[in-house]
1. Kirkwood Rh and Cα-based Rg: tell me the resulting Rg over Rh for the chain, rounded to two decimals.
2. May I ask for the angle, rounded to the nearest 10°, between helix 2-16 and the longest principal axis of the chain, with both axes built from Cα atoms and the value confined to 0 to 90°?
3. Have a look at Val43, Leu3, Phe15 and report the one farthest towards the positive end of the charge dipole of the chain, computed about the Cα centre with Cβ charges (Lys/Arg +1, Asp/Glu -1).
4. Helix 57-67 sits at what angle to the longest principal axis of the chain, using alpha carbons and giving 0 to 90 degrees rounded to 10?
5. Please compute the length gained on full extension between Thr22 and Ala63, using 0.36 nm multiplied by the number of residues separating them and subtracting their Cα-Cα distance.
6. Could you give the angle, 0 to 90 degrees to the nearest 10, between helix 20-43's Cα long axis and the longest principal axis of the Cα atoms of the chain?
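Bear in mind these aren't lab numbers, they're just calculated from the coordinates by the rules spelled out. Because the structure is predicted, anything quoted here is derived from the model rather than measured. Neighbour counts are summed over all protein chains in view; Cβ atoms, including those assigned to glycine, are modelled from backbone coordinates with ideal geometry.
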Amino acid sequence: MFLGIAAIAGALLLFESPTIRTVILVALLVWAACRFYYFIFYVLERYVDPSLRYAGIIALVRAILAKR
């Protein structure tokens, strides 16, 4: 579902402004968002709590709130 949303949003952006600059900016946005998401879970697993596995950001927030 998320892949579909991202594909449609990217296609609409490229349809609205079909320039090489837009293509590069969309590609950079996708790359940076994926790396950020990976980095969050890498740091949490390696340095914060290696025993927990998180299914996503919402599961992470729930776990943090449950500990408090």
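1. Numbers: Rg = 16.4 Å, Rh = 14.2 Å.
Rounded to two decimals, Rg over Rh is 1.16.
2. 30
3. Val43
4. Helix 57-67 sits at roughly 20 degrees to that axis.
5. Working: separation 41, 0.36 × 41 = 14.76 nm, distance 3.82 nm.
Full extension of this stretch gives 10.9 nm more.
6. 10
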